[in-house]
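The block underneath contains the structure these notes are about, expressed in structure tokens.
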């Protein structure tokens, strides 16, 4: 009898411990960590691209200039360097050929296949738009137009969407003249969506050209 008890008790203990190890427990994921939208990551798809030239940015970039640049790129093309939309806009930042020509880029095929050239074009265009809109930035930043707080980054994002001339009309009409592209995206939406990023280090430049690469 004693031997039987000595054998059974350890077995019962083992079974109890094992059962606890396999008991399902409810795990609550914090709201801030839940993925509520699909996340798309695009990588260069051309063999001739030198990946060493490009930094793969972390997913959370805050309100830095890189955060502004990548958020705008994701909205434009989901960050795809090699895409062309139905209206013929090109690359990661969806440039029109007319805008590219203003900055000295004339070969659309070369542009589409050169990520470094696209990044230079974006930087050049931001500097150009900042020069054209410098007085409007000084006049309207911090004010509310059509219920949207005006920030420098919001102005520059709207200029990327619609051109600096249309941004001037929007601001100076206090939102009465808004621009909406073919896909239904408005300047006021861009003003709100891209508000509050730090683009202060970008210097305004009159008639800048993309460096030759």
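Length available on full extension from residue 206 to residue 172: 0.36 nm per residue minus the Cα-Cα distance, which gives 10.1 nm.
Taking the fewest neighbouring Cβ atoms within 10 Å as the starting point, the ordered list for 75, 116 is 116, 75.
In the stretch 109-213, Cα pairs under 8 Å separated by at least six residues give a relative contact order of 36 percent. Remark: the residue 141-residue 193 segment gains 17.2 nm on full extension, using 0.36 nm per residue and subtracting the alpha carbon distance. With 0.36 nm allotted per residue and the present C-alpha distance subtracted, the residue 116-residue 101 stretch has 3.7 nm of extension available.
Read-outs throughout are calculated quantities, based only on the coordinates presented, and are distinct from any laboratory measurement. None of these values were measured; they are calculated from a predicted model. Glycine also receives a Cβ, built like all others from the backbone with ideal geometry; neighbour counts cover every protein chain displayed.
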